[in-house]
C-alpha cells in the first residue's frame, strides 16, 4: 500500500460477517495519521550527531565515496542514483544535417534529436551538498547524460529498506535527498 494511504486503510479481523451479533461493549479505536504530507523518516539532528553519523558511515564504506563535514555545518557526500526509466530519452544528434554541411547559417538548419532507452538499472554516483534539492539532482543527471528532455518529466525517489520490505517515496522538487 502507498505510504500516504496506510492511515486510511482499516482491516476488520473480528471474523466472518454475521458470526457474532452481540456487542461485547468494547469500543474499537481507530487511530488515523492525518499528517500524510510530512517528510517521511526525516528528523533534525544536532551538529554532534551529524559528525558522529558521518564518522560511522565513513568507517563502514569500502570505497572512496566518503562524506565530509564543512565548517558551516553542511556536509557533502555521494548518492547512488539508479535509473529506472520507462520512456526513451532524447539527446542531441551527433551528426550535422545537410544544411549545416553546405555552409548555411545555423538558423536554417534542422535541429535533430536521437531518442533511445537507457539500460534499466544504470547506476550513477553524484557528489552533492546536504542542501542540494531533488530538482537540482535531476538537472545534474540530465546534463551528465546530455538529455534534452524537460526535467519536469522526471522524478527522484527515495529507496529504503525496513524489516525486509523495500519502500519507495517520491521526493518533492524542494526536498533534499
*Just checking, how many residues over segment 151-177 are within 25 Å of residue 74 (Cβ to Cβ), out of contact with any strand residue (DSSP E or B) (no Cβ under 9 Å at 6 or more places or on another chain) and not in a loop (DSSP other than H, G, I, E, B)?*
1
*Pairs, first closer than 24 Å to residue 172 by Cα in segment 40-58, second surrounded by 12 or more Cβ atoms within 10 Å (Cβ to Cβ) and modelled with pLDDT of 80 or more, C-beta under 6 Å, six or more apart*: 40/169
_Hey, residue 115 surrounded by 14 or more Cβ atoms within 10 Å (Cβ to Cβ) and touching a residue at least 12 places away in the same chain (Cβ under 8 Å) or not_ = no
*Look at segment 139-150 and say how many of its residues are at pLDDT below 90 and either crowded, with 18+ Cβ neighbours inside 10 Å or not in a loop (DSSP other than H, G, I, E, B) (or both).*
6
*Look through segment 97-138, keep the residues that are in a helix (DSSP H, G or I) and modelled with pLDDT of 80 or more, and return whichever of them is farthest from the chain's Cα centre (by Cα).*
136
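The values are calculated or read from the model by the stated rules, or taken from the named source; none is laboratory data. None of these values were measured; they are calculated from a predicted model. Note: ideal-geometry Cβ built from the backbone for every residue, glycine included; neighbour counts use all protein chains shown.
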